[in-house]
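The values are calculated or read from the model by the stated rules, or taken from the named source; none is laboratory data. The shown structure was predicted, so the numbers you read here are calculated from the model rather than taken from an experiment. Here the Cβ is made from the backbone with ideal geometry for all residues, glycine too, and neighbour counts use every protein chain on show.
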Amino acid sequence: MNARTLGAVVLLAGLVLERFAAYGFRAQFSAVLVERGVSRVDALRQYGEFAEAQSVLPILFAGLAIALPRVWLALLGTLVALFGYVLATFGSFEEFATGVTGLAVGVSLLRATLVCAAADFVDVPRDRLVVGVLGYGCMNLGASMAPITIVAATPGHFSELPAHAAMLAALCCAFAFGLQRALPRKSVGTEPLPKGLVGIGLLIAPLAFLWLMFESQPMDLDLPWWAHWLNTLVIVPVSFVVALVFRCAPAHMLSRAIIGLLVVGLGLCGAGAVGLNQRDSAVWVGLQAVLTFAEIGLALVVFALAVASLPQRFAPVAVAIVGASPRIASALAGRPEWQTTALGVLGFVSFVTVAMFAVLSPLTLGMLGQSESPQISDDVSKARTTG
């Protein structure tokens, strides 16, 4: 493992810790406030404001990441978040609001920069694509461990585990920051072509369609305990398998693999619409399984393309917008009069978009910084060598 790979791995480990801390704190938020005497309505309102801030602020902070070093911003974000965790966990009730504000700012800054900071350690779009896939898996891994914080909490107090995890995440970012300063300046690798930049914008519609499908499922059914873990149990290991495939696939097969995952993901998402309105536990579990594999084809791939397919300086903006897409779906799901229409419109646009990717393979090649078939390029190179 060279120094640049080490830097990316350390930041991905920091991502796991940061997501564990963020989701662990959110899991306790409303319950601890109620135990401290806050009404349930006010506690849910404060939680909603806290969650909403983490959807909007990353898009604003992503603008900073266009001009400033992402690893520096990631370190700053972990320090601000750590300050918020310490105040919210160990401070007085009066200091809680300040701590939560610091948390919202720090976590939002990390959501826009941490994965991109890891990708900055590598040189070419294929490697950044792999980092994006691994980043998606690491986020889900950290979030899946969050329930541990509830077990470790005492009534009326937040668990100390998120604060400890945030401190370790800050150490990871500090190490990566020092490592990047010690390494020689990285030469600019192959950048995506301008015609490929429209691709990530086109893929927002299929992504919103997927999240709206998730939001449209009935949530008041009697389900087996393992059904709630089905998504995580599949997403985390499969994301590492997809990263391995993207890293090892021949160059001429990489764009086909991406298109294939998009097509399969959208097809599964459309197939899941059949059981969307069925209020049956078995159907719900089956639908969850279908949508989980659709998430691999759509959300995981789109997130990775957001990291890899834009010129590096603009990647945080794309990552922040992709990260905000679930909130858009939640807003639509909260308006029943719009929900059915939104599903129909987004579904139609999504199928048209993915068909474009399937037919216009240069679009995908452009997103990966390739202007012609790599297989043709390889053949030409070999002919020149032998000639």
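Could you check how many residues of segment 104-124 are out of contact with any Pro (no Cβ under 6 Å at 6 or more places or on another chain) and in a helix (DSSP H, G or I)?
Residues of segment 104-124 out of contact with any Pro (no Cβ under 6 Å at 6 or more places or on another chain): 104-107, 109-110, 114-115, 117-124.
Applying the additional criterion that residues be in a helix (DSSP H, G or I) yields 104-107, 109-110, 114-115, 117-119.
The total comes to 11.
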Original post:
Do we have T101 as modelled with pLDDT under 95, more than 17 Å from the chain's Cα centre (by Cα), assigned to a helix (DSSP H, G or I) and within 26 Å of H164 (Cβ to Cβ) here?
Top reply: yes
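Please specify each residue of segment 32-59 satisfying the condition of being without any contact (Cβ under 8 Å) to a residue 12 or more places away in the chain and assigned to a helix (DSSP H, G or I).
Pass one, segment 32-59, residues without any contact (Cβ under 8 Å) to a residue 12 or more places away in the chain: 34, 37-42, 45, 48-49.
The answer is V34, R40, V41, D42, R45, G48, E49.
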Original post:
Give me the pairs: first residue in segment 77-88 and of a type in the set (F, W, Y), second residue part of a helix (DSSP H, G or I), beta-carbon distance under 6 Å, and six or more apart or on different chains, which are they?
Top reply: F83/G102; Y85/P162; Y85/A163; Y85/A166
